[in-house]
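The values are calculated or read from the model by the stated rules, or taken from the named source; none is laboratory data. Quick caveat, the model's predicted, so the values are computed rather than measured. In this analysis, Cβ positions are derived from the backbone assuming ideal geometry, glycine residues included, and neighbour counts consider all displayed protein chains. Surface accessibility is based on the protein's heavy atoms, side chains included, excluding ligands, DNA and RNA. Shrake-Rupley method; radii C 1.70, N 1.55, O 1.52, S 1.80 Å.
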Amino acid sequence: MTRPEPSTAADSADAGTGTPPTLVVLGAAGDLTTRLLLPGLAGLVSRRSMKLQLFGSDRVDWDDDQWRSRVRRAFAGEAEHTPAADTIVRTASYVKADVTATEDLDHLLQKCGSGPLILYFALPPAVAEQACQALTRSPLPAATRLVIEKPFGSDPASAERLNQILTRLVPEDQIYRVDHYLGLSTVLNIFGLRFTNRMLESVLDSTHVASVDILLDESLALEGRAGYYDQAGALVDMLQSHALHVLSLLAMEPPASLTARDVRDSAAAVLRATRVWGNDPVGSSRRARYTAGTVGDRVVSSYVDEEGVDPARGTETFAEVVMEVNTWRWAGVPFRLRTGKAIRNLNKRVIVTFKEPRWVPEGLLGYERPDRIHIGLDPEVLRVDFNINGVGDPRVVDRVGMGVDLDPGDLPPYGQVLAGVLAGDPTLSVRGDQAVQTWQIIEPVLRAWRDNAVPLQDYEAGSDGPAPLRVA
């Protein structure tokens, strides 16, 4: 598909001012910044003609040189040695601050200069909310953009409360609730497949589709994230935060355009129509956590033995929920959302399974499985499984697959996120009402799990996890 012109991100951020934007990373010492955000920025800088001033801020007692050293290491692996990249590294600045304290934030903002301001909250959700509350007492430049990592809030009420705080700071179209799973290339690949192929779009409905699976399995284990993960768990970390938004793109009606308003309106309509299958959070969900095992060549200890984990919390590392989308197109089709840590293989994809043929003539042999479409999210691939007459006896059909690598774009996921923010394009960010709606959808499951109505199962690290749920 045709990609947006590469210059748009750089051009928009300083449009009308001539001053490069200032990107402030709150939570500069955290894992998210080091592992994902800085490499994403490095990829963006190396592939776009752009300038920006980079600030980092955290409670850690660093100076500019220590922050620049961290930025330099991240850029060394991703960015070419271009003048723009070298300038960002050389001029990166660090300000020690408690981002929940208004006086510290005032000091930080005074250091940021006069360029367009982008505040990136690379913080745990609870800390991000406290920081936003503190910012309500600090004057922000009119064009400030706020970038919030998901999960957004911890329940419908907290998400709504955070929406109210944010819109006191800046207008909704300057708020970016980001989801790196919904990078530009992923979304355009889904849209291109659905909306530019009549032979596919005409059969993507309940008349022809038996089920849809959204799988977000990871081979990684906890990887030192107990501080956040043991509080959140797989259901919140992946299904509420990512899988439901993938569902909204897959199930939406064709938007009139790819503008932010049209795409987000269509996605929001799907979420309003989505609920747990049969309104039965007990029978339509499952949770589990991994025990000790081997993933590839790595020995993985049991989740409960990981550093920082409180076994008494009963935090799940595997979650599965079956949803229904009550629209004319999808009514009656189960959407299975599934994620797990320490699973045998990385498996992030969508599987659309079609219904069986109405009739297979007697004498035509070998038919065993219906047609399927596989849409890979990581890596981005497309495969179609179907049946054709096999080699030898023409009365016997064989299973075959056709596949193609989809265009992943020229940026890493967080590079795509930052490109959208710098371009002032909120199309792929989550709107406030969508953030609340995903919590409302998942709340019955969370409640059932808190009440222990759904037992916590075990699965061995390095296995395929529990067998898929079956629904009537």
Legend entry - Interchain or long-range residues, amide H under 5 Å from residue 323's placed H: 277, 335, 336, 337
Inset, instruction - Grab the other residues whose beta carbon is less than 13 angstrom from that of residue 294, score K and R as +1, D and E as -1, and report the net. - result: 0
Inset, instruction - Sum up the charges of everything whose Cβ sits under 9 Å from the Cβ of residue 323, counting Lys and Arg as +1 and Asp and Glu as -1, but leave residue 323 out. - result: +1
Inset, instruction - Taking the chain as the reference, fit the longest principal axis to its C-alpha atoms, fit the long axis of helix 432-450 to the helix C-alpha atoms, and give the angle between the two in degrees, 0 to 90, nearest 10. - result: 60 degrees
Legend entry - Neighbourhood charge, 12 Å Cβ-Cβ cut-off, centred on residue 240 and excluding it, Lys, Arg +1 and Asp, Glu -1: -3
Legend entry - Solvent-accessible area per residue for the range 223-358 (1.4 angstrom probe, square angstrom): 39 Å²
Inset, instruction - For the range 334-472, with all protein chains present and a 1.4 Å probe, just round the carbon and sulfur fraction of the accessible area to a whole percent. - result: 53 percent
Inset, instruction - On a 0 to 90° scale, report how tilted helix 184-195 is relative to the longest principal axis of the chain, with both axes built from alpha carbons and the result rounded to the nearest 10. - result: 30 degrees
Inset, instruction - List the residues whose amide H sits under 5 Å from the amide H of residue 177, counting only those 5 or more places along or on another chain, with H placed 1.01 Å from N in the peptide plane. - result: 148, 430
Legend entry - Residues residue 172 and residue 345, FRET efficiency given R0 of 45 Å [Cβ-Cβ distance, rounded to 0.05]: 0.70
Legend entry - Bridge type composition, the chain - antiparallel percent by DSSP, nearest 5: 55 percent
Legend entry - the range 90-218 - percent of accessible surface contributed by carbon and sulfur, probe 1.4 Å: 53 percent
Legend entry - 177, 358, ranked by accessible area, largest first (probe 1.4 Å): 358, 177
Inset, instruction - Pop out the carbon and sulfur fraction of the accessible area of the range 231-312 as a percent, whole number, probe 1.4 Å. - result: 48 percent
Legend entry - Residue-by-residue Karplus 3J(HN,Hα) for the range 160-174, coefficients 6.51, -1.76, 1.60, Hz, glycine and proline x: 5, 5, 5, 4, 5, 5, 4, 6, 6, 8, 8, x, 4, 6, 10
